[in-house]
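Here it is, the structure in full.
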Amino acid sequence: MNRGDRRELIFMDDADRQRFIDTLGEACAKTGWQVHAYVLMPNHFHWVVETPQPNLVAGIKGWLGTYTSRFNRRHKLFGHLFSGRYKSLIVDGSGSGYLKSLGDYVHLNPARAKLVVADVLLKSFAWSSWPAYLLARSKRPAWLRVDRLLGAWGIPEDSPEGRQRLEQALEERRGAEEGEEFKPIRRGWCLGEELAETAEALAELIIAEELKRGRWQEAELKIRPKGDPVKVALAARLRAETTMTVGWIAERLAMGTRGYLNHLLYRRRKLCGE
């Protein structure tokens, strides 16, 4: 997900919303992304995406950069539209139920925000993937993949009957209490117990790769200064390519406190003009 800079609006009207979705479609065509769910809110968006290729960081930079340029050109504005780096959450999609919870969270967002009142069907909110889920396959965007969430709801076929069952199930779900199910989505970064270890393993691989590239020994991470440019560059890569927290990175690379590392990363972004 990502928010508008200073929580300001990222869509002025429906033309902006349609342009955002069109730009997403262009990004999917370039990257091969498979989108499972999305919702556009006034000052932020949520989306659930599967990335067959390791191109999430570059793809998002191009997608949001293109939309920002189009938005600014249309409204005669300039500068940042989004509040820095997007927030990401890794999801275990291996039949664990996490994907279903996240899909429900995204599709129910307009109801929770009172953008759809209680006696109006959720599909009346046009700016999410939910209305497209209820259409025939030929009428959906090619990049929207519905089979995983249908399967998570126990619906075996993408048919009129199956889609009717899906709509009824989510409308019933809408009337239920959220309980504990959505708390990990709102405050966490990983849905799936094994994936925390997977994310850390990826971070360790990146660290090993960069140490080898710089001909450093592991012990040098503690010997070198906290603000060593090589360490700062490595920390920036870990932030861009993994979901490890700033605190974890600061401790692992011996770079002081979380706040100090945030300062170093901010200074690096300013120097790089990001």
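The values are calculated or read from the model by the stated rules, or taken from the named source; none is laboratory data. These numbers come from a predicted model, not from an experiment. Backbone-built Cβ (ideal geometry, glycine too); neighbour counts: all protein chains shown.
I need the helices (runs of 4 or more DSSP H) fully contained in the range 180-274, keeping only those with at least 3 residues that are modelled with pLDDT of 95 or more and either within 30 Å of Arg112 (Cα to Cα) or in contact with a Cys (Cβ under 9 Å, 6 or more places away or on another chain) (or both).
The helices (runs of 4 or more DSSP H) meeting that bar number zero.
Ok, one more. Is it the case that some residue within the range 60-81 is under 30 Å from Pro160 (Cα atoms), touching a residue at least 24 places away in the same chain (Cβ under 8 Å) and under 15 Å from the mean Cα position of the chain (by Cα)?
Within the range 60-81, not a single residue is under 30 Å from Pro160 (Cα atoms), touching a residue at least 24 places away in the same chain (Cβ under 8 Å) and under 15 Å from the mean Cα position of the chain (by Cα).
If you scan the range 1-24, which residues turn out to be more than 14 Å from Ser128 (Cα to Cα) and surrounded by fewer than 17 Cβ atoms within 10 Å (Cβ to Cβ)?
The answer is Asp5, Arg6, Arg7, Glu8, Leu9, Met12, Asp13, Ala15.
In this structure, is Arg85 of a type outside the set (Phe, Trp, Tyr), within 22 Å of Ile10 (Cβ to Cβ) and not in a loop (DSSP other than H, G, I, E, B)? Can you show your working first?
On the way: of a type outside the set (Phe, Trp, Tyr): yes; within 22 Å of Ile10 (Cβ to Cβ): yes; not in a loop (DSSP other than H, G, I, E, B): no.
The answer is no for Arg85.
Now, a different point. Looking only at the range 71-124, which residues are modelled with pLDDT of 95 or more, basic (Lys, Arg) and crowded, with 16+ Cβ neighbours inside 10 Å?
Lys123
While we're on this one: Counting only residues that are in contact with a helix residue (DSSP H, G or I) (Cβ under 7 Å, 6 or more places away or on another chain) and either touching a residue at least 24 places away in the same chain (Cβ under 8 Å) or part of a loop (DSSP other than H, G, I, E, B) (or both), how many does the range 130-141 have?
Residues meeting the conditions: 5.
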